[in-house]
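Nothing in this text is a laboratory measurement; each read-out follows from the coordinates by a stated rule. Since the structure is predicted, the reported quantities are computational estimates derived from the model, not experimental observations. Here Cβ is always computed from backbone atoms with ideal geometry, including for glycine, and neighbour counts include all displayed protein chains.
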Amino acid sequence: MDWLINAAYYVIPFIVLLGVLVFVHEFGHFIVARLCGVGVAEFSIGFGKKLWGRKDRFGTEWKLCAIPLGGYCKFLGDGDASSSSCENVELPEDEKKHAFAFQNPFKKLAIVVAGPGANYLFAILVFAGVYFFLGKVDFPPVVGDVIAGGAAEQAGIMAGDKILSVNGKKVTTFDEVRQEVGMAADLNVKIDLERDGKIMNFAFPLQIISIADELNQKDVSRPMLGIRSINSVEVKPQDISVWEALSSATAETWRLTEMTLRGVGQMIVGKRSAEDVGGIIRIAEMSGDISKQSGGLDFLIFMAMLSINLGLLNLFPIPLLDGGHVVIYLIEIVTRRELNERVKEYVFRFGMFLIIALMLFATYNDFAHLWNRWFS
């Protein structure tokens, strides 16, 4: 019975998480398509066999399908859900003006960008709502992971330890820990922490790690503890206006986007391990861990962060993704003529190959991560 309960902790939150984010993304495409006068033939959450469906008065079939690993918004005249081809049928003239394939590239560009845009808007609204109704969100000064070979591991710091002070300075958030470590002038640090109700003291030298600087956009060497925070947040009540909440939420969304881009850049140039690339299984694992160990607020924050990653990923200039379509439509806008269909076909084939390769690589990393978690 326990295994059934554990399975529910991981499966149900994962389906809810993915369902919400896919709906948000595809609804962005849907609503802008409607505003541009483009017909939407199908709006599907999931793939495969249809479990439920109904048509609205505009002719759109809304569907729930058996495989909850994505979704799509199929426009009038599309040959497939990716809008990479047209149906091999002659549309009546009165329907052509509502078919996606016959729109000008400006409308196509707006419709394509609306999906990732909806993911970003969702994240901003979630953060703003939390800031306005609950207060400031911070990660507590608790060790989530200890990086192998790092200064903290060598000193004996363990996951679950709560850091109380750094070099005599009291800390209440994980960011404060990071700031105080950065202020260690002699590269030595004194850590007071709590473990199982006992106060413990550590003194040890830091390790110098080369990382990308946020402001100067170049590599710099900084002293690092070698720890990561836990996947759980603390809320500190504060009284702010709606505008301040939206402003702070937008800034946080941009910070997370920039951090993700820097991480991807470090992987490309070989300064960060590609083991951090995760897929569907990793998302299911993380959503399950959060739902099992934390509360609804942590799950909501995780959903907002994942929404940012989903929006950003779809803007990468990879054929078949929204970003690949963006590049094509921008080329068509600049050249004032439609790209050759044969060229599009080869571009989308390459995109399919690249996406499948990335999915296989991410899945391999996911299984390797699970193996280390269960058997190491």
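What you get for region 140-229, charging only the Cβ of Lys and Arg (+1) and of Asp and Glu (-1), is a dipole of about 160 debye around the Cα centre. With contacts taken as Cα pairs under 8 Å at a separation of at least 6 residues, region 140-229 carries a relative contact order of 34 percent. Within region 310-372, report the trypsin sites (Lys or Arg not before Pro) that DSSP leaves as loop and that have at most 11 other Cβ atoms within 10 Å. Sparse-neighbourhood loop trypsin sites (Lys or Arg not before Pro): Arg336, Arg337.
Basic side chains Lys and Arg get +1 at the Cβ, acidic Asp and Glu get -1 at the Cβ, and with that the dipole of the chain about its Cα centre reaches some 300 debye.
For an R0 of 45 angstrom, estimate the FRET efficiency from the Cβ-Cβ distance between Glu61 and Phe361 and round to the nearest 0.05. Result of the calculation: an efficiency of 0.85. With a Förster radius of 25 Å, plug the Cβ-Cβ distance of Gln179 and Gln154 into 1/(1 + (r/R0)^6) and report the FRET value to the nearest 0.05. Between Gln179 and Gln154 the formula returns 0.65. Starting from 0 in steps of 10 Å, tell me what percent of the Cα-Cα pairs of the chain lands in each bin. P(r) over the chain, rounded to whole percents: 5, 18, 28, 25, 14, 7, 2, 0.
Over 16 Å apart: what share of the alpha carbon pairs of region 310-355 falls there, rounded to a whole percent? Counting pairs separated by more than 16 Å, the tail of P(r) holds 37 percent.
Counted over the chain, the DSSP beta bridges are approximately 90% antiparallel. Over the chain, dividing the summed -39,500 (n - 2.57) contributions of all DSSP H runs of at least 4 residues by the number of residues returns a 222 nm mean residue ellipticity of -17500 deg cm²/dmol.
Need one word for region 39-184: rounded, prolate or oblate. Basis is the Cα gyration tensor (sqrt eigenvalues a ≥ b ≥ c); a/c below 1.5 gives rounded, then a/b vs b/c decides. Prolate. Between Thr260 and Arg228, the modelled label-to-label distance comes to 1.6 nm, taking each label 7 Å out from Cα in the direction of the beta carbon.
Extending 7 Å from the Cα toward the beta-carbon at both Phe106 and Val334 defines two label points whose distance is 1.9 nm.
With each label modelled as a point 7 angstrom along the Cα→C-beta vector, the Val242-Leu69 pair spans 4.2 nm.
Placing one equal scatterer on every Cα of region 281-376 and applying the Debye formula, the log10 ratio I(q)/I(0) at q = 0.16 Å⁻¹ is -0.83.
Rounded to the nearest whole angstrom, the semi-axes of the ellipsoid equivalent to region 140-229, taken from the Cα gyration tensor as √(5λ), stand at 22, 13, 13, largest first.
Put simply, when 111-122, 301-312, 227-238, 57-68 are sorted by average Cβ atoms within 10 angstrom per residue, most first, you get 111-122, 301-312, 227-238, 57-68.
Selection among Ile240, Thr253, Gly28 by position relative to the dipole of the chain gives Gly28 as farthest towards the positive end (Cβ unit charges, Cα centre). Of the DSSP H helices in the chain, those with a Cα length along their own long axis of 27 Å or more and a mean Kyte-Doolittle hydropathy reaching -0.5 comprise 2-35, 105-133, 242-268, 296-315, 341-375.
Multiplying the residue separation of Lys136 and Asn201 by 0.36 nm and subtracting their alpha-carbon distance yields 20.4 nm.
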